[in-house]
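Q: Take this structure first; my questions come after.
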Amino acid sequence: MKFLDAQELRALYGQSGAAQLRLNQPLQHRQSGDVLSSAVGDGLDYWDSRPYQTGDDPRHMDWRLSARTGEPYQKRFLAERRPSIVVAVDRGRSMRFGTQVRIKAAQAHRVAALLAMAAVEQGWVVDHYHFDQGIEAAPRVDDRLGLTAHLAQLVIAPTLEQPSDLAHTLHHLASRIRPGTPLYVVSDFFALNTRAEARLAAIAAHCTVIAVRLFDPAELTLPQVAEIELNDGIAARAIETLPHDRARYAKAATSRMAQIEQTLTRAGCQVIAISTIDAALSAVPLPHGWGQ
């Protein structure tokens with residue numbers, strides 16, 4: 001199964017080139033370090049070490065830490081000034097929902113593809129993660145060749161079987177995000193809880209955090225039909241609905257979505273709501289012109 005086809009990728013590429021910067025003001029107050037310059041270089045000053053990722057330069061291996069822990073680690077340097085973004089995409093079970101055009105997970109991949117295209121066009125680096133109960137890093141994208149490989153992975157539909165642990169994901173990312181680096185979290189945020197809110201607030205204190213909240217129209221308003229069929233790809237279930245059921249559901253769903261947005265805003269995030277039926281993703285702020 002594919003989430004994206006060649007026609008969609010071409011359309012997204014067109015959007016990535018026509019992006020308008022919408023984060024000027026937030027970045028003026030929070031950017032620091034590598035975001036202030038478009039110069040490219042690793043520098044000489046050691047900052048810290050992180051787990052080795054496929055595609056990392058072996059010349060920067062932290063051999064002492066690797067020997068001590070038994071796991072490969074890579075050195076990072078303070079003077080690495082090439083601007084970057086971090087994109088974390090939810091692949092949890094709740095993302096496997098959609099009623100009309102596409103499921104939420106497919107829309108998440110479209111957002112991730114758009115961000116990667118825009119970043120590479122501007123000479124930025126993309127650190128991409130996907131998460132459910134755990135978190136996994138994709139190879140770093142820093143040129144057109146890497147972008148091609150990255151898009152090839154985003155085209156493929158993943159398995160969506162585990163619930164999401166957003167708090168764990170944010171805890172993992174907090175130690176890996178350089179101050180000033182924009183973080184995009186692409187999710188329905190159904191796993192948002194007090195622990196996750198605290199993690200978001202901590203990151204938002206020194207980074208711009210863009211919460212791209214995905215939803216399907218049926219999550220807000222049930223179709224005006226007497227019976228709804230739910231299918232998870234394995235089994236189908238029919239549910240009878242009456243007008244008062246639909247009204248009660250709409251009220252509860254609207255309240256829940258508003259609560260999610262309020263929590264994200266309180267944590268210091270910029271919230272962007274995207275529906276699964278939206279073809280254009282013009283509402284997503286892109287890294288267009290940052291660091292120039």
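Q: Got at least one residue in the stretch 66-85 being closer than 20 Å to Val185 by Cβ, at pLDDT 90 or above and touching a helix residue (DSSP H, G or I) at 6+ places or on another chain (Cβ under 6 Å)?
A: yes
Q: Also: Got a sec? Which of Ile210, Ile177, Ile203 is outside any strand (DSSP E or B), touching a residue at least 60 places away in the same chain (Cβ under 8 Å) and β-branched (Val, Ile, Thr)?
A: Of Ile210, Ile177, Ile203, the one residue that is outside any strand (DSSP E or B), touching a residue at least 60 places away in the same chain (Cβ under 8 Å) and β-branched (Val, Ile, Thr) is Ile177.
Q: Condition check: within 29 Å of Ile277 (Cβ to Cβ), more than 12 Å from the chain's Cα centre (by Cα) and in contact (Cβ under 8 Å) with a residue 24 or more places away in the chain. Does Leu151 satisfy that?
A: Against the criterion (within 29 Å of Ile277 (Cβ to Cβ), more than 12 Å from the chain's Cα centre (by Cα) and in contact (Cβ under 8 Å) with a residue 24 or more places away in the chain), Leu151 qualifies.
Q: Given the criterion touching a helix residue (DSSP H, G or I) at 6+ places or on another chain (Cβ under 8 Å) and acidic (Asp, Glu), identify the matching residue among Asp48, Asp90, Asp56.
A: Asp90
Q: Let me ask something else. Hey, does the stretch 273-286 have a residue that's in a helix (DSSP H, G or I), surrounded by 12 or more Cβ atoms within 10 Å (Cβ to Cβ) and among the β-branched types (Val, Ile, Thr)? Give the steps one after another, and end with the answer.
A: Going through the stretch 273-286, the residues in a helix (DSSP H, G or I) turn out to be none.
No, the stretch 273-286 contains no residue that is in a helix (DSSP H, G or I), surrounded by 12 or more Cβ atoms within 10 Å (Cβ to Cβ) and among the β-branched types (Val, Ile, Thr).
For every residue, the table says whether it meets (1) at pLDDT below 95; (2) in contact with an Asp or Glu (Cβ under 7 Å, 6 or more places away or on another chain).
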position: Ala167; (1), (2): no, no
position: Ser175; (1), (2): yes, no
position: Arg178; (1), (2): yes, yes
position: Phe189; (1), (2): no, no
position: Leu192; (1), (2): no, no
position: Arg195; (1), (2): no, no
position: Ile203; (1), (2): no, no
position: His206; (1), (2): yes, no
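Q: May I ask you to verify whether Ser66 is of a type outside the set (A, V, I, L, M, F, W, C) and in the same structural domain as Arg144 (by TED's automatic domain parsing)?
A: In short, no.
Q: Kindly indicate the residue of the stretch 178-201 that is within 24 Å of Phe77 (Cβ to Cβ) and of a type outside the set (Ser, Thr, Tyr) and also surrounded by the fewest Cβ atoms within 10 Å (Cβ to Cβ) among those meeting that condition.
A: Pro179
Q: So which of Gly146, Gly123 is in a helix (DSSP H, G or I), more than 13 Å from the chain's Cα centre (by Cα) and either buried (at least 20 other Cβ atoms within 10 Å of the Cβ) or not β-branched (Val, Ile, Thr) (or both)?
A: Sole residue among the options that is in a helix (DSSP H, G or I), more than 13 Å from the chain's Cα centre (by Cα) and either buried (at least 20 other Cβ atoms within 10 Å of the Cβ) or not β-branched (Val, Ile, Thr) (or both): Gly146.
Q: Only one of Thr276, Thr221, Thr265 is out of contact with any helix residue (DSSP H, G or I) (no Cβ under 8 Å at 6 or more places or on another chain) and either modelled with pLDDT of 95 or more or among the polar types (S, T, N, Q) (or both). Can you tell me which?
A: Just one listed residue meets the conditions, Thr265.
The values are calculated or read from the model by the stated rules, or taken from the named source; none is laboratory data. This is a predicted model, so every value here is computed, not measured. Positions of Cβ are generated from backbone atoms using ideal geometry, with glycine treated the same way; all protein chains shown enter the neighbour counts.
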